[in-house]
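Report on the structure given below.
The values are calculated or read from the model by the stated rules, or taken from the named source; none is laboratory data. Here the structure is a predicted model, which means the values were calculated and not measured. Positions of Cβ are generated from backbone atoms using ideal geometry, with glycine treated the same way; all protein chains shown enter the neighbour counts.
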Amino acid sequence: MTPFSAPCRVLDLPGHTLLVLPPEIDLSNASALCADALACAQDRAGRLETLVLDLTRTDFMDSQGARLVEDVRRGLPPDVRLLVVAAPDGVPYRVLELTGVRRDVPVHGDLTGALRA
């Protein structure tokens, strides 16, 4: 398990805010990552259109990662879209598929596709 010593990286792009999540998401850091994501959205209140969670660098994610995505989705203002980027052959993509999160949150296989959505 990786302690929450490496917070997500935030990139503000036209119309989107991208959060690059760490290599591991589990019980040790999921709550802090959720709080960071929601604080990021709050800091951009009124001008945030789409929040993109980038899981392409995440090698390990358990059900806490799926819960993180759902909690962020529920915590965002209704006018803010949530998108996820995850490599189709990676663990995060599979976890989101198996837990059913992909039914609620669009998951894109690459960043370009997510930014065009």
Check your understanding: Taking segment 7-33 on its own, how many of its residues are over 14 Å from residue 69 (Cα atoms) and surrounded by fewer than 13 Cβ atoms within 10 Å (Cβ to Cβ)?
Key -> 7
Practice item. Filter segment 19-74 for residues that are over 18 Å from residue 97 (Cα atoms), among the polar types (S, T, N, Q) and assigned to a loop (DSSP other than H, G, I, E, B) and give the result. Key: 28, 29
Revision key, fill the gap. The number of residues in segment 59-98 that are among the hydroxyl-bearing types (Ser, Thr, Tyr) and surrounded by fewer than 17 Cβ atoms within 10 Å (Cβ to Cβ) is 1
Exercise for review: State all residues of segment 14-28 that are under 15 Å from residue 53 (Cα atoms), out of contact with any helix residue (DSSP H, G or I) (no Cβ under 7 Å at 6 or more places or on another chain) and modelled with pLDDT of 90 or more; if no residue qualifies, say none.
Suggested key: 18, 20, 22, 23, 24
Point to revise | Selection from segment 37-71 of residues that are over 11 Å from the mean Cα position of the chain (by Cα) and of a type in the set (Asp, Glu) | key: 43, 49, 59, 62
Point to revise | Matching residues, segment 39-68, being of a type in the set (Val, Ile, Thr) and under 13 Å from residue 87 (Cβ atoms) | key: 56, 58
Check your understanding: Restricting attention to segment 107-114, does a residue exist that is in contact (Cβ under 8 Å) with a residue 40 or more places away in the chain, assigned to a helix (DSSP H, G or I), surrounded by fewer than 19 Cβ atoms within 10 Å (Cβ to Cβ) and in contact with a Ser or Thr (Cβ under 9 Å, 6 or more places away or on another chain)?
Key -> yes
